[in-house]
1. Taking the Cα centre as origin and putting +1 on Lys and Arg beta-carbons and -1 on Asp and Glu beta-carbons, what dipole magnitude results for the stretch 360-429, to the nearest 20 debye?
2. Which of the peptides 387-399, 47-59 is most tightly packed, and how do the rest follow, going by the mean number of other Cβ atoms within 10 Å of each residue?
3. Using +1 at the Cβ of each Lys and Arg and -1 at the Cβ of each Asp and Glu in the chain, identify which of 403, 464, 312 lies farthest towards the dipole's positive end.
4. To the nearest 20 Debye, how big is the dipole of the stretch 115-273 about its Cα centre, given +1 on the beta carbon of each Lys and Arg and -1 on that of each Asp and Glu?
5. Would you please report the Å³ per residue occupied by the convex hull of the alpha carbon atoms in the stretch 1-57?
6. Positive end of the dipole of the chain, charges at C-beta (+1 Lys, Arg; -1 Asp, Glu), about the Cα centre: which of 200, 114, 15 has its Cα farthest in that direction?
7. Helix-only estimate, please: 222 nm mean residue ellipticity of the chain, summing -39500 (n - 2.57) across DSSP H runs of length 4 or more and dividing by its residues, to the nearest 500.
8. Under the Kirkwood approximation applied to all pairs of distinct alpha-carbon atoms, what is the hydrodynamic radius of the chain in Å?
Amino acid sequence: MQSAWIGDALAAALTRDGKEGLSRQLTRWLRQWIGEGKLAADTRLPASRDLARQLGIGRNTVIDAYEQLLAEGYLDTRHGSGTFVCALFKRHTVAAPEQRTTLGLSDRGQTLEALTRRDDDYHGAFVPCIPEIRAFPHRQWQQLLARHQRQARLLDFNYQAGGGLPALRQALADYLQMSRAVRCHPDQILITQGTQHSLALCALLLADPGDVAWMEEPGYLGARVALHMAGLQTVAAPVDEHGLDPEKIADPRPPKLIYATPSYQYPLGVTMPLARRLTLIDHARQANAWIIEDDYDSEFRYSSQPLPALQGLSEDARVIYLGTLSKVMYPGLRTGYIVVPETLVDAFRAANTRLNPEGHYPLQSALAEFIENGQFARHIRRMRDLYQERQHCLRAVVADSVASEWAWSSGHAGMHVLATLPPHLDETRLSQMAALEGIWLATLGKHFQAPPDRQGLVIGYAGVTEQDIRRGVGVMDRLARAHL
Ligand SMILES: Cc1ncc(COP(=O)(O)O)c(C=O)c1O
């Protein structure tokens, strides 16, 4: 196995400002990539002569680096056939695609595995949609949790079936009515383990295998996965500057489900205006379909008040509202909620109790107090200010880089912005190269079901410090200038 990208990656990574010798840099990069498993065991490195020619450096410089890594045990030579990554590093390697089919996975399992493979190291510049977890009031939260754990009743440790602790459902209903104009009674709320869980439940309970679901194009991969895994056929619903456009859907089959992020479309970052919201509600009514409104980060709005949720726009709107605490608190909390119409409450509760037996009532009790005593709203306000500052910082740093020539989304809300790339840049290549330097650039392309009609990067900034923003933009700038 030989990795064709090594030469290109080194060409982009090497700096020639004289601060660090070229041989040392080569050694450092190769050591890092081997250690991280990006260069897998048994990968053949380019011949020293070829690499030297490609990099425009002396052959001895490459030989020195290879010899150093041979001495350190990172590389191995095989007489007559070249220099290889040492098998000692096998533990870092991932099964090759052809091996995966032998793992005993079903077709669905393999699709799921291919769709969802992702790095464990999911943080830092510029991972989308990760909040600043360092700024969460951990100490107060721990105290609150400990108190609620101590005070819990014996029955709180049993299986639960009430759709969530009544106090938490009440606190969320009050919050949603006030801040999102959601029409709901606490009984209509079902506490889940986050939006992914909510989506899976909606797909199973509201549609049958083979039914059609309109899916925003481009859209949130997590939603596409949930719909596919329930056997639905996703039809691409084009998104323009006003969000999902129901009038532009080519497929004539009526949908059973319509997935939408009207507050801040993921990943394009546009907000659906009122007229489009009403049109969408009308389409759902005519098709007897349910709109799944994923309101994942509407709390972070920088230029105006959030628009009321779709769910609250009309008494009989066919909308299931999904919310999550992953963004406003922290993702590891694994808590979200579904607001369902009264007619569906019993079915949702019963199915959920069977599929994902409920629990964590002491934690839910702490959450209810966190919301009611105002700490929740205070934390959201602080984070809104912080994320706005970080977005300003990102824009200021970008202004001094080649990325200032790209088209950037308005960033009037949310935790990410979209940078649309000029045609001469390759988003996948840019993303792969940046990953080698620890910078996460999510490609726009992976959010499309059909072949993408444009290229871009989804840049998360909420959980990224100013220092990391500077480093990340620096890497992006250098790689883009190298015309990857
Ligand atoms: C569009 C969208 N919806 C929902 C979520 C949150 O999902 P969960 O509540 O499962 O953490 C995310 C997270 O990245 C998202 O981007």
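The values are calculated or read from the model by the stated rules, or taken from the named source; none is laboratory data. These numbers were taken from a predicted model, which means no experiment stands behind them. Virtual Cβ from ideal backbone geometry, glycine too; neighbours counted across all protein chains shown. Note: accessible area is taken over every heavy atom of the protein model, side chains too, but ligands, DNA and RNA are not part of it. Shrake-Rupley method; radii C 1.70, N 1.55, O 1.52, S 1.80 Å.
1. Numbers: 7 positive and 8 negative charges, 40 e Å.
Value, rounded to 20: 200 debye.
2. Result, highest mean first: 387-399, 47-59.
3. It is 464.
4. Working: 14 positive and 16 negative charges, 165 e Å.
The calculation lands at about 800 debye.
5. 77 Å³
6. Checked the options; the winner is 15.
7. Helix contribution divided over all residues of the chain: -12500 deg cm²/dmol.
8. Numbers: mean 1/r = 0.0404 Å⁻¹.
That comes to 24.8 Å for the chain.
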